[in-house]
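Single-structure report; data block below.
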Amino acid sequence: MNKRILLIEDNAQNRYLARFLLDARGWQVIEAEDGPSGLLLADRTEPAIILLDIQLPGMDGYAVARGLRENPRLAHVPIIAVTSYAMPGDREQCLAAGCTDYIEKPIDPERFADDVGRYHPGHRS
């Protein structure tokens with residue numbers, strides 16, 4: 001079973017926390033610090049899930065999500081926006097860009113790995 005998660009996040013502390021929580025559950029976390037490297041790593045590693053910060057430098061998460069969706073090899077991969085954007089309409093904007101769903105920051109350490117795991121293609125409720 002593919003247990004790779006691609007985390008596209010520019011903040012080192014956020015990457016550390018997400019990796020710590022996901023590693024503890026047996027996920028293989030691959031990290032990208034910006035959109036272009038995230039697109040490249042997604043194509044090379046074919047992750048089971050992509051966690052995507054929206055507020056990235058240079059190329060924002062919306063553009064990254066659209067780029068991921070343009071790649072036929074990644075069209076089926078769940079993209080979860082993990083972002084501090086929590087204003088009315090932000091979730092809809094994430095979904096319109098191609099994200100599957102949205103998790104608000106700050107993440108809840110008690111629930112984060114479970115919330116992410118729900119998007120794995122082999123997940124059973």
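The values are calculated or read from the model by the stated rules, or taken from the named source; none is laboratory data. Computed from a prediction, not measured in an experiment: that's the story for all the values here. Here the Cβ positions follow ideal geometry from the backbone for every residue, glycine too, while neighbour counts run over all protein chains shown.
Here are the numbers for the structure shown:
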{"read-out": "One residue from PRO88, PRO106 being within 18 Å of ASN11 (Cα to Cα), surrounded by fewer than 14 Cβ atoms within 10 Å (Cβ to Cβ) and modelled with pLDDT under 95", "value": "PRO106"}
{"read-out": "Odd one out for ASP114 among (1) under 19 Å from ALA24 (Cα atoms); (2) buried (at least 16 other Cβ atoms within 10 Å of the Cβ); (3) without any contact (Cβ under 8 Å) to a residue 40 or more places away in the chain", "value": "(2)"}
{"read-out": "Helices (runs of 4 or more DSSP H) completely within the stretch 53-125 that count 2 or more residues being more than 19 Å from ASP23 (Cβ to Cβ)", "value": "61-70, 90-97"}
{"read-out": "Considering residues of the stretch 18-62 that are closer than 19 Å to ASN2 by Cβ and without any contact (Cβ under 8 Å) to a residue 24 or more places away in the chain only, the residue surrounded by the most Cβ atoms within 10 Å (Cβ to Cβ)", "value": "ARG19"}
{"read-out": "From the options CYS99, CYS94, residue that is farther than 27 Å from MET1 by Cα, surrounded by 15 or more Cβ atoms within 10 Å (Cβ to Cβ) and in contact (Cβ under 8 Å) with a residue 40 or more places away in the chain", "value": "CYS94"}
{"read-out": "ALA63, sole failed condition from (1) within 21 Å of ALA96 (Cβ to Cβ); (2) in contact with a Leu (Cβ under 8 Å, 6 or more places away or on another chain)", "value": "(2)"}
{"read-out": "Output for the stretch 22-38, where each listed residue is assigned to a helix (DSSP H, G or I) and under 25 Å from HIS123 (Cβ atoms)", "value": "LEU22, ASP23, GLY38"}
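Let's see how each residue does on (1) β-branched (Val, Ile, Thr); (2) at negative phi; (3) touching a strand residue (DSSP E or B) at 6+ places or on another chain (Cβ under 7 Å):
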residue: ARG15; (1), (2), (3): no, yes, yes
residue: ASP23; (1), (2), (3): no, yes, yes
residue: LEU68; (1), (2), (3): no, yes, yes
residue: VAL77; (1), (2), (3): yes, yes, yes
residue: ASP90; (1), (2), (3): no, yes, no
